[in-house]
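The values are calculated or read from the model by the stated rules, or taken from the named source; none is laboratory data. Everything numeric here is computed off the predicted structure, so don't read it as measured data. Reconstructed Cβ throughout: ideal geometry from the backbone, glycine too, with neighbour counts over all protein chains shown. Side chains are part of the model used for accessible areas, which takes the heavy atoms of the whole protein and leaves out ligands, DNA and RNA. Shrake-Rupley method; radii C 1.70, N 1.55, O 1.52, S 1.80 Å.
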Amino acid sequence: METKFLLPHSYKKVGWVILTCSTLLWLFLTLTGQDELSFLETSVFTVAGSYFLTDDAAFFTVIRANITSTLVGSLFLIGGLLVVFSKERIEDEFIAKLRLQSFQWAFLINYILLFFTFVFIYGMEFFYVMIYNMFTMLILFIFRFHYLLLLHKK
């Protein structure tokens, strides 16, 4: 079976490490009530940016910003993508079928959740849910795919 977009199986281990570290860092920040780590304040290049809730837009320039959320989010995405797009030890048609089913299920559930978000959540809470929604597809796919793998190993 041809798998055009899958990485070697060894990348899955690296992905799990990165995903776990970013999740633990996010949990630490959440549980301690911190929005950012002060030592991650730095100058960054921005294509388009502004200071939160201000009209001072900046384009193609360097601004001063704290990169905590950028670091945590980027590491989560990289780790999640490595886990999702890495081959299993034995990658066959059955695993491909489970991947497809898991993707379809994650896609459907994600958009059902998104619909309920549009209908029932307002204000800044809507903004926060939209941020978390960026990660929902990865999380749902990972849980569903590995749950199906576990069920079929028995």
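Remarks
- Evaluated against (1) in contact with a Phe, Trp or Tyr (Cβ under 8 Å, 6 or more places away or on another chain); (2) β-branched (Val, Ile, Thr); (3) exposed (fewer than 12 other Cβ atoms within 10 Å of the Cβ), residue 46 falls short on exactly one condition, (3).
- Candidate set: region 104-131, residues that are of a type in the set (Phe, Trp, Tyr), out of contact with any helix residue (DSSP H, G or I) (no Cβ under 9 Å at 6 or more places or on another chain) and closer than 23 Å to residue 26 by Cα; chosen: the one most open to solvent (accessible area, probe 1.4 Å): 128
- Residue-level check: of (1) farther than 22 Å from residue 76 by Cβ; (2) out of contact with any Asp or Glu (no Cβ under 6 Å at 6 or more places or on another chain), residue 95 misses just (2).
- The criterion of being touching a Phe, Trp or Tyr at 6+ places or on another chain (Cβ under 9 Å), open to solvent by less than 60 Å² (accessible area, probe 1.4 Å) and either of a type in the set (S, T, N, Q) or not in a helix (DSSP H, G or I) (or both) does not hold for residue 136.
- Of all residues in region 87-118, exactly one satisfies the criterion of being in a helix (DSSP H, G or I), of a type in the set (D, E, K, R) and under 11 Å from residue 149 (Cβ atoms), namely 99.
- Which numbered condition residue 148 fails, given (1) outside any helix (DSSP H, G or I); (2) closer than 28 Å to residue 8 by Cα; (3) open to solvent by less than 80 Å² (accessible area, probe 1.4 Å): (1)
- Top-ranked residue of region 63-74 - restricted to ones that are out of contact with any strand residue (DSSP E or B) (no Cβ under 8 Å at 6 or more places or on another chain) and open to solvent by less than 60 Å² (accessible area, probe 1.4 Å), ranked as farthest from residue 12 (Cα to Cα): 68
- Residue 65 of a type in the set (A, V, I, L, M) and not in a strand (DSSP E or B): no
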